[in-house]
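So the structure is just underneath, and the comments pick up after that.
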Amino acid sequence: MLFIEYPKCSTCKKAKKWLDDQGLAYEARDIVKDRPSFEELKAWYERSDYPLKRFFNTSGIRYRELGLKDKLADMSEEDQLELLATDGMLVKRPLLITEDQVLVGFKEEEWESLVK
């Protein structure tokens with residue numbers, strides 16, 4: 001399992017604690033120091049059941065600075081994925097990638113499917 005986090009993020013800390021409490025093994029990766037590539041993001045998006053907008057950190061400072069709320073609708077999926085790959089802070093976190101699932105953001109109800 002790959003756990004992509006921003007170590008200072010309180011939600012990421014909560015998700016990491018949840019994984020540890022469940023006794024689940026994972027590889028942690030800092031989203032800023034080792035940001036996801038275009039190819040990774042595209043593969044995760046295609047494997048997930050989420051709309052592409054879910055991969056954006058819509059409450060983040062960079063998202064607001066770039067005015068993405070108004071720009072995303074006019075961008076192709078390819079352009080959106082390229083943009084996400086330029087800055088880890090634009091990507092919603094945490095991300096949890098397993099063989100079967102891609103989970104974006106921490107919602108305990110969704111993550112519980114991992115331990116069932």
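The values are calculated or read from the model by the stated rules, or taken from the named source; none is laboratory data. Values in this document were obtained by computation on a predicted structure and should not be read as measured data. Ideal geometry is used to build each Cβ from the backbone, glycine not excepted, and the neighbour counts take in all protein chains shown. For the accessible areas, the whole protein counts, side chains as well, though only heavy atoms, and no ligand, DNA or RNA atoms are used. Shrake-Rupley method; radii C 1.70, N 1.55, O 1.52, S 1.80 Å.
Peptides 60-67, 104-111 ranked from most to least packed give 104-111, 60-67, packing being the mean of other C-beta atoms within 10 angstrom over each peptide's residues.
Using a Förster radius of 30 Å, what is the FRET efficiency between Asp100 and Leu66 based on their Cβ-Cβ separation? Nearest 0.05, please. FRET efficiency, Asp100 to Leu66: 0.35.
Ligands, DNA and RNA are left out, and with a 1.4 angstrom probe the accessible area of the chain is 58 Å² per residue. The fraction of accessible area contributed by carbon and sulfur in the chain is 46 percent, rounded to a whole number (1.4 Å probe; ligands and nucleic acids excluded). Above 16 Å, the calculated P(r) of the stretch 1-57 contains 51 percent of its Cα-Cα pairs. Among (1) 100; (2) 124; (3) 112, find the value of volume of the Cα convex hull per residue in Å³ that was calculated from the structure presented, and write down its label. So the calculated entry is the one marked (1). Computed over the stretch 34-91, the convex hull of the alpha-carbon atoms projects to a mean area of 3.7 nm².
The residue list Leu24, Gly60, Ala43 was ranked by how far each Cα lies along the charge dipole of the chain toward its positive end, using unit charges on Cβ atoms, and Gly60 comes out on top.
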